[in-house]
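Colleague: Before anything else, here's the structure in question.
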Amino acid sequence: MAAQARTEELNKLAVQDAGVKPDAPAASNGNVKDEEGDDSEDDAEEAAPAAGTGAAKKKKKRKPKKKKKNPTQQSDPPRVLVSQLFPDKKYPKGEEVEYVNENRYRTTNEEKRHLDNLKSEWLNDYRHGAEVHRQARQWAQKTIKPGMALTDIANGIEDAVRALVGHQGLEEGDALIAGMGFPTGLSINHCAAHYTPNAGNKMVLQEDDVLKVDFGVHVNGNIVDSAFTMAWNPRYDPLLEAVKAATNAGVKEAGIDARLGEIGGVIQEVMESYEVEINGTTYPVKCIRNLNGHTILPYSIHGTKSVPIVKTNDQTKMEEGDVFAIETFGSTGQGVVHEDGEVSHYAKRGDANKVDLRLSSAKSLLNVINKNFGTLPFCRRYLDRLGQEKYLLGLNSLVSNGIVEDYPPLVDKKGSYTAQFEHTILIRPTVKEVISRGDDY
């Protein structure tokens with residue numbers, strides 16, 4: 001999920017190529033018990049009616065129990081618990097990359113390995129969420145086609161995620177154990193981020209659209225944030241290739257002691273080496289300079305550090321224990337986004353002051369948010385799903401009082417095209433783990 005750069009930060013950018021340029025609830029086990037059920041048994045014994053004197057009771061042979069096997073592959077659509085596919089509850093590792101130079105020693109250092117082992121449950125939760133993300137998105141990649149309604153696409157991805165973690169999120173607190181880390185973003189063409197359909201949305205995906213798919217999965221508040229872009233017209237391939245290459249360059253540069261401003265410079269150099277021809281006009285691919293990567297905290301998608309995607313003078317370093325979302329955005333437009341359109345994304349602020357709310361609808365809605373989302377982002381469809389009605393006045397009151405933050409869609413100029421790719425990386429004591437890496441990207 002995109003982090004928007006503050007306006008004052010933009011003035012400090014030292015762009016190399018000028019151009020036109022939550023209150024977190026107590027964690028509980030996110031692994032769901034396998035719903036295997038008890039095997040049915042035949043009656044052990046059935047007495048035959050007596051025939052004459054001293055008739056012996058006949059015993060019916062007991063049939064051997066058939067052990068129910070764990071499923072070995074995912075269904076279509078995805079509905080098999082990932083914990084059933086991995087009955088030992090040891091989930092696949094992401095891409096592990098050893099540190100280099102002065103941090104090379106960490107890979108084999110006993111003290112660092114001990115620190116790694118102390119966080120084994122945390123790491124397994126992240127790997128669990130990452131495997132759910134991979135399975136849900138790979139299903140989405142083969143399923144999403146032009147002609148589909150955006151609402152159906154979003155619901156399909158979110159239904160898959162909830163089924164794979166085994167938490168439907170309809171009971172109080174259930175969505176805080178595991179489920180959606182934030183709503184499914186389905187931003188099209190010049191819209192770069194923070195768009196998901198609200199109720200009644202009739203938008204249909206078109207053959208010539210460029211679609212960004214950005215969604216999060218969490219287990220016990222540990223959020224995996226990853227995104228990809230789809231296009232059906234091959235003329236957009238260079239745009240997608242530029243952004244994917246830039247994201248991979250940022251992931252490669254990331255690590256302990258890496259300076260955030262320098263990572264932005266590497267991302268920009270790769271991204272802006274591409275161009276794309278559309279309808280006979282050649283456009284340079286520009287970094288969207290006011291969108292950033294970011295750290296991820298428990299139950300909070302946007303942490304305290306930002307990763308620019310252009311060169312800056314930011315000397316902040318990545319540190320052991322950080323979790324980063326490395327995301328890049330490329331555009332054929334101005335390379336700057338602004339807020340525009342109907343809001344769908346919201347999140348309760350973790351630093352919100354206590355406010356004496358006057359509207360009863362705002363008080364009631366805040367109670368619902370606290371019990372079902374905490375500080376995890378949510379959208380209007382999630383409130384609809386919980387049976388909330390006529391909540392907009394209360395929601396707007398929470399926003400105006402600084403309790404809930406809204407995230408309007410972020411757009412470049414109309415007629416332009418934007419793309420996004422994103423990975424979550426764990427800065428572990430021993431290695432860097434690209435936790436969301438898959439065979440797809």
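Colleague: Expressed as a whole percentage, what fraction of the accessible surface of the chain belongs to carbon and sulfur atoms when a 1.4 Å probe is rolled over the protein heavy atoms?
Modeller: Numbers: 9790 of 21130 Å².
That fraction is 46 percent.
Colleague: Going highest first, how would you order 77-89, 122-134 by mean Cβ packing within 10 Å?
Modeller: On the way: 77-89: 16.2, 122-134: 24.2.
Packing proxy ranking, top to bottom: 122-134, 77-89.
Colleague: List every residue whose amide H lies under 5 Å from the amide H of Leu297, counting only residues 5 or more places away in sequence or on a different chain, with H placed 1.01 Å from N in the peptide plane.
Modeller: HN-HN under 5 Å from Leu297: His302, Gly303.
Colleague: What residues qualify as long-range amide H neighbours of Ala5, i.e. H under 5 Å apart, gap of 5 or more or another chain, H built at 1.01 Å from N?
Modeller: Leu291, Asn292
Colleague: Cβ under 10 Å from Arg259's Cβ, Arg259 left aside: what net charge do those residues give with Lys, Arg +1 and Asp, Glu -1? Could you put the intermediate results ahead of the total?
Modeller: Numbers: positive: Lys317; negative: Glu253, Asp257, Glu262, Asp314.
Neighbour charge sum, excluding Arg259 itself: -3.
Colleague: Okay, moving on. Could you pull out every residue, at least 5 positions away or on a different chain, whose amide H is within less than 5 Å of the one on Thr328? Hs are placed 1.01 Å off N in the peptide plane, and Pro or chain starts have none.
Modeller: Answer set, sorted by chain and number: Phe421.
Colleague: Could you give the length gained by full extension between Asp237 and Ser273, i.e. 0.36 nm per residue of separation minus their alpha carbon distance, to one decimal place?
Modeller: 11.5 nm
Colleague: Here's another thing I want to ask about it. Find, among the trypsin sites (Lys or Arg not before Pro) in the stretch 199-258, those assigned to loop by DSSP (not H, G, I, E, B) with at most 11 other beta-carbon atoms within 10 angstrom.
Modeller: Details: sites: Lys202, Lys212, Arg235, Lys244, Lys252; in loops: Lys202.
The qualifying sites are Lys202.
Colleague: Note down the net charge around His114, summing +1 for each Lys or Arg and -1 for each Asp or Glu among other residues with Cβ under 14 Å from its Cβ.
Modeller: +1
Colleague: From the backbone phi of the stretch 178-188, what are the Karplus-calculated ³J(HN,Hα) couplings (6.51 cos²θ - 1.76 cosθ + 1.60, θ = phi - 60°) in whole Hz, Gly and Pro given as x?
Modeller: Using θ = phi - 60°, the values come out as 6, x, 6, x, 6, x, 6, x, 10, 9, 10 Hz.
Colleague: Still on this structure, please answer the following. Where the centre of each part is set by its Cα atoms, how far does the stretch 164-207 sit from the stretch 268-282, in angstrom?
Modeller: 31 Å
Colleague: Right, something else. Over 26 Å between Cα atoms, which of Lys212/Lys348; Lys112/Lys212; Lys244/Lys413; Lys119/Lys252; Lys252/Lys286; Lys244/Lys305 qualify?
Modeller: Over 26 Å Cα-Cα: Lys112/Lys212.
Colleague: Could you check the simple spin-label distance between Lys202 and Arg113, using points 7 Å along Cα→Cβ, in nm with one decimal?
Modeller: 6.4 nm
The values are calculated or read from the model by the stated rules, or taken from the named source; none is laboratory data. What you see is a predicted model; the values in this text were computed from it and never measured. Neighbour counts run over all protein chains shown; Cβ positions are idealised from the backbone, glycine included. With ligands, DNA and RNA removed, areas are computed over all heavy atoms of the protein, side chains included. Shrake-Rupley method; radii C 1.70, N 1.55, O 1.52, S 1.80 Å.
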